[in-house]
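Below is one structure, written out as structure tokens; comments come after it.
The values are calculated or read from the model by the stated rules, or taken from the named source; none is laboratory data. Fair warning: this is a prediction, and the values are worked out from it, not measured in the lab. Here the Cβ positions follow ideal geometry from the backbone for every residue, glycine too, while neighbour counts run over all protein chains shown. With ligands, DNA and RNA removed, areas are computed over all heavy atoms of the protein, side chains included. Shrake-Rupley method; radii C 1.70, N 1.55, O 1.52, S 1.80 Å.
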Amino acid sequence: RHCTMKLTFLQRCSLGHISNLHGSDTTSLPGFENLTVGYNKYLRPYFGGEPVQIAMSLDVASISSISESDMDYTATVYLRQRWTDPRLVFHGNKSFTLDARLVELLWVPDTYIVESKKSFLHDVTVGNRLIRLFSNGTILYALRITTTVACNMDLSKYPMDTQTCRLQLESWGYDENDVIFTWLRGNDSVHGIEKLRLSQYTVERYYTLVSKSQQETGSYPRLILQFELRRNVLYFILETYVPSTLLVMLSWVSFWITLDSVPARTCIGVTTVLSMTTLMIGSRSSLSKTNCFIKAIDVYLGICFSFIFGALVEYAVAHYSSSQKCAAKAPEEEVNITNILHSSITSYKRKISFTSVEISSDNVNCSDLTMKTHEKIKCVLRNKMHRIIGYFTIQNPSNVDHYSKLLFPLFFMVVNVFYWAYYLYF
């Protein structure tokens, strides 16, 4: 019986509390007799008259992630909106903070975040909303929102790039004839963004804009927070640029090794090429969805790979020339009578089938008057080919390494000067 009486008492208290709340919806809130009497939350203030002035301010609590692959950023902000509703004027000069659940009884702006992929309102331990009512009818409505917003990025200068991102607030249904958006104090309406410490970026500067969005259904007010993010390149210098440069310098070590040390020079060349390939794959795997861009880091890795591969090709050319020269100096094979007879018959047949012009391995005299026109043309072309081949023939293979010791580092330094000057200052 005692338990039954206690349960009945709690039920009566609960029903009485609910009835008081329902009564306040239709009459008034305790202490604010004119708050809900005749108040229609479905009609904006000054309905049918002048537009409502809505002043906004932002506190940027954090920017948790900036994704180059998805081209978006995730931020947590405190959005504060102020407007005046003459229907909520009461006597006195105080302000009262109301329960956030009372927002369901009031008219609030239909503000949304443009280009937002996903957003949510924090609700731990209760919905993170604030309603503050001033005696002159001004309402302060604050929200804590985490949103992921699209940010179009130009990654052509990655990782020496500067990205410009926006946070845009716009009215969803009310056009500029109904509401007007303004920043409360211009650039001073935004706080916290200058104190952010991001892993890869530094906030260069930010500024606020007031704009309009022209759509088919009308012109809608829009507020824009635009901020520039400069990437910290030091991490990429230590992670990618320094290792790739050291690999290029390692490939130059082979120039100081003799041409006869085939295993040593081949091992250096192949190892540096494979290491550079692994470094290139690793740098591109972190941005797998942006491989359609030719980024600055890809250009530099391509330059380093070209120099490493060039050092390997240089040894192949020098070693081939050296082997050809050694083969030319080798002792001739023992000549027997059969070889002599065979060479004599072959030379006699050539004399019968060709003209009597003597053709040497070098230049041939093409000014013989007995030669026909087409034979002279062939003779001139043959001489030109001998000159071209002689020009590209390496007389001393050891000079290839000697010149490479100077030219490879010199060209690499010149390319680096142009590379860093272009991507840092243009």
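Extending 7 Å from Cα along the Cβ direction at residue 146 and again at residue 198 yields two label points whose distance is 1.8 nm. Evaluating 6.51 cos²θ - 1.76 cosθ + 1.60 at θ = phi - 60° for every residue in the stretch 101-106, the Karplus couplings come out as 5, 6, 4, 5, 8, 10 Hz, glycine and proline recorded as x.
The label-point distance for residue 65 and residue 214, in a model that sets each label 7 Å from Cα toward Cβ, rounds to 3.8 nm.
Our coupling estimate for the stretch 414-425, obtained by passing each phi through the Karplus curve with A = 6.51, B = -1.76, C = 1.60 and θ = phi - 60°, is 5, 5, 5, 4, 5, 5, 5, 5, 5, 7, 9, 10 Hz, Gly and Pro reported as x.
The accessible area of residue 146, taken with all protein chains in place and a 1.4 Å probe, comes to roughly 20 Å². Please work out whether the stretch 103-194 counts as rounded, prolate or oblate from its C-alpha gyration tensor, where a ≥ b ≥ c are the square roots of the eigenvalues and a/c under 1.5 means rounded, while otherwise a/b larger than b/c means prolate and anything else oblate? In terms of gyration-tensor shape, prolate. Extending 7 Å from the Cα toward the beta-carbon at both residue 40 and residue 258 defines two label points whose distance is 10.3 nm.
Accessible area per residue (1.4 Å probe, heavy atoms of protein chains only) ranks 190, 317 as 317, 190, with the largest value leading. Amide H to amide H, which residues 5 or more places from residue 190 or on other chains are under 5 Å from it, using H placed in the peptide plane? HN-HN under 5 Å from residue 190: 58.
Among the listed pairs 117/195; 41/117; 118/295, which have their C-alpha atoms separated by more than 27 angstrom in this model? Pairs exceeding the cut-off: 41/117; 118/295.
If R0 is taken as 51 Å, the Cβ-Cβ distance between residue 226 and residue 320 corresponds to a FRET efficiency of 0.25. Does the stretch 214-310 classify as rounded, prolate or oblate by the C-alpha gyration tensor (a ≥ b ≥ c root eigenvalues; a/c under 1.5 gives rounded; else a/b over b/c gives prolate, otherwise oblate)? Prolate.
Sorting the segments 221-232, 260-271, 171-182 by their residues' average number of neighbouring beta-carbon atoms within 10 angstrom, most packed first, yields 221-232, 171-182, 260-271. Scalar couplings 3J(HN,Hα) for the stretch 121-133, obtained by applying the Karplus form with A = 6.51, B = -1.76, C = 1.60 to θ = phi - 60°, are 9, 5, 9, 10, 7, 10, x, 7, 10, 9, 10, 10, 10 Hz; x denotes Gly and Pro.
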